[in-house]
Structure formats: C-alpha cells, structure tokens
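This report refers to the structure that appears directly beneath it.
The values are calculated or read from the model by the stated rules, or taken from the named source; none is laboratory data. Keep in mind it's a predicted model, so treat the numbers as computed, not measured. Counting neighbours? That spans all protein chains shown, and the Cβs are built from the backbone with ideal geometry, glycine included. Ligands, DNA and RNA are excluded from the accessible area calculation, which covers all protein heavy atoms including side chains. Shrake-Rupley method; radii C 1.70, N 1.55, O 1.52, S 1.80 Å.
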Amino acid sequence: MTLPLIISTIFTLNFPFVIANDAAEKIISISGGHTNVIRPGQSMIAVYVDAIKNSTNKDVDLIAISSPSAKNIEIHSMQIVNNVMKMKKEEKITIPAKSKVSLGKKSPNGYHLMVFGVSPQITEKSMFTINLSFSNGEKLQTEISVKKHTENQRKHH
C-alpha cells in the first residue's frame, strides 16, 4: 500500500511543473522570412514572412512592427481592383486560433511588410531584425534574411 501512495504523491507534485512548462511554450511562432537588398536611391523595402502561427484557442492580432534598422514599418495588403493592383495599409492582421497567416508573395491577401527609412547597412547575406507585437501582449523578435535581387524580379513598388 505504501508504493501506490508514493507514486501518487510523485505524480501530484510533478503535475503543476508539467503545466508550467506547457505555459512557457510560445503561443505565437514565426517561421521564415526574407527581403531584398536596397536598390540604389531607394529607402524602402518589402519584407515577407513565410508564416505567423497562432497556437491558442483565440484569434490574435499582429498590431505593430518595428526595427532598429528602419524608421517605420507598416502592414500592407494587395488586391486587384478594376484590373489594377492596389496596395492598402492595414492596421492589423488577425491570425485565427489554431491557424497561421503568410506574409509572403503568394499569400491570398497579398500581405507583406513595407519598411521605410531603411539603414543602408542592410546588405546581401546580412540579417534584418524585426520586432512584432501582438494583441495578447506577446512580443517576438525575428531575423529576416537579406537576398540579392535577381534579374527576373519585378519592382515591388
């Protein structure tokens, strides 16, 4: 009878620790991301993020982005209106519960980040740091890879 009591006590004492470890896991995660080097005479770039994943049971909004290497970062979407591509500044992007949103070139809403007043030190093969703030209070920092423009890339803006 003593052995079951000891085992029961061990599980009871360890259970809160397991919950604490699960709570420490990131609710929001970011995967992938890239931008292109700044073209001569330009001070803005578009940044693309492969996925922002929300692991919670509630929707979470991306509400602010900043970088020590830029003056301002805005969330933008693109859509075709009367056969013309239109860009629109968005105040937020909602990441639905248990889902993910892409800020990539092929995302359905054309979501991406427009970075203004970019530091000229953003060069090929360097990393560009961005800070993302969410409506649930979570703040994440991620590194965006900087790539060289290819000949077949069209100008973004």
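Residues S69, S31, S107, ordered by accessible area of protein heavy atoms at a 1.4 angstrom probe radius and largest first, appear as S31, S69, S107. Most tightly packed first, judged by the mean number of other beta-carbon atoms within 10 Å of their residues, the peptides 78-90, 54-66 read 54-66, 78-90. Of all lysines in the structure, the ones whose alpha carbon falls short of 21 Å from that of K148, not counting any fewer than 8 places away in one chain, are K105, K106, K125.
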